[in-house]
Amino acid sequence: MNPRHLTLHQLRIFLAVAQHGSFARAAEALHLAPPTLSLQVKQLAQTVGQPLFEQIGKRIYLTAAGHALADACRDIEDRLQRLGEDMAALQGVERGRLRLAILTTAKYVVPKLLGGFCAAHPGIEVAMVVGNRETLVQRLAQNQDDLYVLGQPPEHLDVVCEAFADNPLVPIAPPGHPLTGVRAIPPQRLAQEPFILREPGSGTRLTTERFFAAHGARLRTRLEVGSNEAVKQTVAGGLGVAVLSAHTVAAELALGDLIALDVAGFPLLRRWQIVYPHGKRLSPAALAFKAWLRDHRPTAAVPSPSAAG
Ligand code: PGA
């Protein structure tokens, strides 16, 4: 293989296909026509002299050559990113780029803080991804963003974590639920109620399941839904109870669309952390945003359980 025949454009396309695990999704993300994308990957494979993907059933997988090329692409992307940061540093914080990845629970807080930050630094270009814990941990492992707002930091990754704000989890129910006003409900009793859970991979779900397992209780899952919004609607519709971040339900509790239950052991005290890979050189824009988050910490709204009636 002659590396001089590789183009950056081809490498970017290849990496997108590798990351999305699909030609169609990569084409969508890059706003390219699927045939253009396939042609570029085909030419790249010809230059490399080996197949880069193999198709098994409907899915595509990287071959050994594909894995080696993907690692090289990530190194190149990383180096170019650092070059961009060095250039931005030469121009100062006001011209930088900031790539954030935040938890679905933090989206009730961080975008508001970002608004203030952007107003103070109008020259900074910001991209923000919102995802569940699993998605963010994967992105962190691949060093795809500058800063992450995560809950429990992943144990298997070498990262720097700075606690930034409280993220208490609270049990919620529809108004008029029979447990309204009952004091210190045992966790085992709440576990008998039909539960609405977030999708697997959600940190909220993981914490909830661990709490009930530690109390020897198994949850009766009525429904699994993929967002905090959908959990709230389902609970408000009377299908069951749930445990969610207090930040996500403040408005519904204030309006009386949902109520908080008084369950022993709650709220589950969690903290959001600002996380980045150990050894990562943070850009001036990332450093400025980190400082902004610390200076504008939101206070957690732990709701008082609703009284009976
Ligand atoms: P998630 O958020 O449930 O969207 O993964 C987890 C958290 O707030 O820790």
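The values are calculated or read from the model by the stated rules, or taken from the named source; none is laboratory data. All values derive from a computational prediction rather than experimental measurement. We place every Cβ from the backbone using ideal geometry, glycine too, and count neighbours over all the protein chains shown. Side chains are part of the model used for accessible areas, which takes the heavy atoms of the whole protein and leaves out ligands, DNA and RNA. Shrake-Rupley method; radii C 1.70, N 1.55, O 1.52, S 1.80 Å.
Extending 7 Å from Cα along the Cβ direction at R271 and again at R12 yields two label points whose distance is 3.9 nm.
Roughly how big is the stretch 1-107's charge dipole about its Cα centre, with Cβ charges of +1 (Lys, Arg) and -1 (Asp, Glu), in debye to the nearest 20? Roughly 240 debye for the stretch 1-107.
Residue separation of K112 and H156 scaled by 0.36 nm, minus their Cα-Cα distance, works out to 12.7 nm of gained length. Straight-distance candidates among the lysines for linking to K232, with alpha-carbon spacing under 19 Å and chain neighbours fewer than 8 residues away dropped: K107.
Projecting the Cα positions of G49, G123, A29 onto the charge dipole of the chain (unit charges on Cβ atoms of Lys, Arg, Asp and Glu, taken about the Cα centre) puts G49 furthest along the positive direction. Computed over protein heavy atoms with a 1.4 Å probe, the carbon and sulfur contribution to the accessible area of the chain reaches 54%. Accessible area per residue for the stretch 237-278 is 36 Å², calculated with a 1.4 Å probe on protein heavy atoms, without ligands, DNA or RNA.
A straight chain from A29 to K58 at 0.36 nm per residue would run longer than the Cα-Cα distance by 8.5 nm. Stretching the chain fully between D86 and S22 yields a gain of 19.7 nm (0.36 nm per residue, less the alpha carbon separation).
Mean residue ellipticity, 222 nm, helices only, the chain: the sum of -39500 (n - 2.57) across DSSP H runs of n ≥ 4, divided by residue count and rounded to 500, is -13000 deg cm²/dmol.
With R₀ fixed at 30 Å, the C-beta to C-beta distance from A141 to V302 puts the FRET efficiency at about 0.40. Classify the stretch 9-144 as rounded, prolate or oblate from the Cα gyration tensor: take a ≥ b ≥ c as the square roots of its eigenvalues, call it rounded if a/c is under 1.5, otherwise prolate when a/b beats b/c and oblate if not. Since a/c reaches 1.5 and a/b is larger than b/c, the shape of the stretch 9-144 is classed as prolate. Under the simplified labelling scheme, the Q43-R218 pair shows an inter-label distance of 5.7 nm, with each label point 7 Å from Cα along Cα→Cβ.
Suppose we flag trypsin sites (Lys or Arg not before Pro) only when DSSP calls them loop and at most 16 other Cβ atoms lie within 10 Å. Which is the longest uninterrupted stretch of the chain?
Values: sites that count: K58, R183, R218, K280, R281.
Answer - 59-182.
In terms of accessible area, using a 1.4 Å probe and ignoring ligands and nucleic acids, V130, V241 rank largest first as V130, V241.
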